[in-house]
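Below is one structure, written out as C-alpha cells; comments come after it.
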Amino acid sequence: MIILAIETSCDETAIAITKVTGQKKRPAIYVLSNIVSSQVKLHAKYGGVVPNLAKREHQKNLVPILLQALGESGLLNSKIKMRNEKLQFKIQNLLTREPELLNRVKKDIIPLKSPKIDAVAVTNGPGLAPALWVGVNFAKAIAHLWNKPIIPVNHMEGHLYSSLIQATKNHGQKPMTYNLKSLKFPSVALLVSGGHTELVLMKKYNKYQIIGETLDDAAGEAFDKVARILGLKYPGGPEISQLAKRGNADKYKLPSPMINSKDYNFSFSGLKTAVLYLTKDLLQSVPDLVRYSRKDVAASFQKAVVDVLVKKTIRAAEEFQAKTILIGGGVAANEKLRQDLGLAVKKRLPNSKFYIPDPSLTGDNALMISLAAFFTGKTKAPNKIEAQPNLRIES
Ligand code: KG4
Ligand code: ZN
C-alpha cells in the first residue's frame, strides 16, 4: 500500500510518501520521500505561530513539495492533455478559499497523469484552523483528481506512532527502510507538544483513552513562554534545553504543579508565573541576568516540567500495568525527558518496553501521518472530511 500523507496543522508544511507492507502487527515501511518545510524562522519574528501567515505559506509550499515528493518517489508522471471541464470545476470549488493554491494546482497538478498511490492521508486536527483547512482542501482536491480514497488522521495519533519507527542501519540509503516496533498492550503514551499534553491509555490498536491532560498550558507552550520571559527566541524548547545543559537545576526551587495530585492531569501556567516572578526578583539583585543566572533558571524550570511528566507517566504505567510506554510530540526531543523517563521505566517497570521517536521525528512531519493512516486505515467520504481544530484522540 502506497500512502501519500499531508501535514499542515501548524507551521510545518510536510508531505511523505511511504510504502507499507506486511502485517499490522509488524509492518515494514519504505520511506520513498519525507519532506518537511519549516516556517519557524518566519513566525519567530512574531514570537509564535501566526495562523494566517501559516495558511499563506502552506498555500505557497504544498504544490512544489508535492512535485518534489513525487519526483523523489519515482511517481512523477508526464503531463497529459487538459482534464475535462467538470473535473476542473470541482477542483476550483474545493479550493475557492485557497486562491493561491488553486492557481498552482491548475498549472502544475491538474495536467499530471495520476500517480500510482493507493490513498491520500491528511491531518484533519487538532491544530490551527486556517492551517488545517489548507491541507484538508488540498487533500480533497488531489484525491478527487486522482480518484483515490482519503484517510483523515489525528495529529496526536501521528505523534504516538512516530515512536514505533526503529532507528535504521541503512542511513542515507534510498528508499529508507524501517521495521516497526510492535505495541504490547496495555500501552501508556505521553504526548507532549506545543498545543497538547496528554497521557493516553491504549488497550488495543485504535482504542485510545485520555487518562490525563493539561488543565491550562501545554508543556511545549510553557517552554515557549518561559523562553520569551528569558529573552530567548521562538521556539523555546530547543533554546531552553540547550541553555539548561550548562545550568544548575537545583539552584532555584520552582514548583512542579500537581505533582502530588491523585489524577493524571497537568498544569504549567503556575510554573510559568513562578519563573516570571523569579526573573523579576533576579533582575533587581543580579547585575547581569543573562550572564549569571539565566542558565540556572532554564535548568530549574526544565527540571520542574520533566519531574512532573515523568512522575505521572510512571504512576499511570504502574496503575495500568503498561507493557509499553511511549512518548511523542515536539517536547519528546527534550534530552532530559528522554533520559529521565527512560531511567525511571528501567527502574520501576523493568519488564516494559520504552519507545521514543528518533529526534528527527519528534517535530511535525508527514511520515508519522502516513504511519497513523496505515494503522487506522479508515477512509472517509471526502464530503464528510473537515478540519477539526479541537479533534481529540479518543474515539
Ligand atoms: O509537536 P510539535 O512540533 O508541534 C505541535 O504539534 O505543537 O511541538 C512543538 C513544541 C514547541 O512548543 C517546542 O518549543 C517544543 O515542542 N520543543 C521542545 C524541544 N524541542 C521542541 N520542548 C522541550 N525541549 C526540546 N528539546
Ligand atoms: Zn505536533
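If you filter the stretch 198-218 down to residues that are outside any strand (DSSP E or B) and either at pLDDT below 95 or in contact with a helix residue (DSSP H, G or I) (Cβ under 7 Å, 6 or more places away or on another chain) (or both), you find that the one that is nearest to ligand 2 (Cβ to nearest atom) is 217.
If you go through the stretch 74-116 and keep only what is at pLDDT 95 or above, part of a loop (DSSP other than H, G, I, E, B) and over 20 Å from residue 16 (Cα atoms), you end up with 95, 96, 97, 98. Looking only at the stretch 1-30, count how many residues are more than 16 Å from ligand 2 (Cβ to nearest atom), part of a strand (DSSP E or B) and under 27 Å from residue 388 (Cβ atoms). So the count comes out to 7.
Each row is one residue, and each column tells you yes or no for (1) under 30 Å from residue 188 (Cα atoms); (2) surrounded by fewer than 22 Cβ atoms within 10 Å (Cβ to Cβ).
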| position | (1), (2) |
| --- | --- |
| 247 | no, yes |
| 258 | yes, yes |
| 261 | yes, yes |
| 281 | no, yes |
| 289 | no, yes |
| 300 | yes, no |
| 311 | yes, yes |
| 326 | yes, no |
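At least 2 residues being within 16 Å of ligand 1 (Cβ to nearest atom) is the threshold, and among the helices (runs of 4 or more DSSP H) wholly inside the stretch 284-395 those reaching it are 294-319, 335-348, 367-376. Considering 195, 247, 270, the condition of being within 16 Å of ligand 2 (Cβ to nearest atom) and not in a strand (DSSP E or B) is satisfied by 195 alone. Applying the condition of being among the aromatic types (Phe, Trp, Tyr) and near ligand 1 (Cβ under 9 Å from one of its atoms) to the stretch 204-246 and asking which residue is farthest from residue 154 (Cα to Cα) yields 234.
Kindly evaluate residue 237 against the criterion of being within 16 Å of ligand 2 (Cβ to nearest atom) and either within 17 Å of the chain's Cα centre (by Cα) or crowded, with 18+ Cβ neighbours inside 10 Å (or both). Taking the combined requirement at face value, the residue satisfies it.
Right, residue 221: surrounded by 22 or more Cβ atoms within 10 Å (Cβ to Cβ) and in contact with a helix residue (DSSP H, G or I) (Cβ under 9 Å, 6 or more places away or on another chain) or not? Spelling it out, residue 221 is indeed surrounded by 22 or more Cβ atoms within 10 Å (Cβ to Cβ) and in contact with a helix residue (DSSP H, G or I) (Cβ under 9 Å, 6 or more places away or on another chain).
If you go through the stretch 46-78 and keep only what is of a type in the set (D, E, K, R) and within 16 Å of residue 109 (Cβ to Cβ), you end up with just 60. Scan the stretch 158-169 and tell me whether some residue there is within 13 Å of ligand 1 (Cβ to nearest atom), surrounded by 22 or more Cβ atoms within 10 Å (Cβ to Cβ), of a type in the set (Val, Ile, Thr) and within 17 Å of the chain's Cα centre (by Cα). Checked the stretch 158-169: no residue is within 13 Å of ligand 1 (Cβ to nearest atom), surrounded by 22 or more Cβ atoms within 10 Å (Cβ to Cβ), of a type in the set (Val, Ile, Thr) and within 17 Å of the chain's Cα centre (by Cα).
Scanning the stretch 337-360 for residues that are within 16 Å of ligand 2 (Cβ to nearest atom) and touching a Gly at 6+ places or on another chain (Cβ under 9 Å) turns up at least one hit. Considering (1) among the hydrophobic types (A, V, I, L, M, F, W, C); (2) assigned to a loop (DSSP other than H, G, I, E, B); (3) under 23 Å from residue 393 (Cβ atoms), the lone condition that residue 131 does not fulfil carries the number (2). Residues in the stretch 49-63 that are of a type in the set (D, E, K, R) and over 19 Å from the mean Cα position of the chain (by Cα): 56, 60.
In the set (1) at pLDDT 95 or above; (2) under 30 Å from residue 104 (Cβ atoms); (3) more than 15 Å from ligand 2 (Cβ to nearest atom), the condition left unmet by residue 159 is number (3).
In the stretch 172-203, the residue that is farthest from ligand 1 (Cβ to nearest atom) out of those that are free of Cβ contacts under 8 Å to residues at least 60 places away in the same chain and out of contact with any strand residue (DSSP E or B) (no Cβ under 9 Å at 6 or more places or on another chain) is 173. Suppose the filter is without any contact (Cβ under 8 Å) to a residue 40 or more places away in the chain, on the phi < 0 side of the Ramachandran plot and aliphatic (A, V, I, L, M); does residue 344 pass it? When the stated conditions are applied, residue 344 passes them. If the condition is being crowded, with 18+ Cβ neighbours inside 10 Å and farther than 15 Å from residue 365 by Cβ, then the stretch 18-49 contributes 19, 20, 27, 43, 49. For residue 136, the test of being within 25 Å of residue 114 (Cβ to Cβ) and either in contact with a helix residue (DSSP H, G or I) (Cβ under 9 Å, 6 or more places away or on another chain) or assigned to a loop (DSSP other than H, G, I, E, B) (or both) is failed.
The values are calculated or read from the model by the stated rules, or taken from the named source; none is laboratory data. It should be emphasised that the depicted structure is a prediction, and the values quoted were computed from it without experimental measurement. Heads up, the Cβs are rebuilt from the backbone with ideal geometry, glycines too, and the neighbour counts pull from every protein chain shown.
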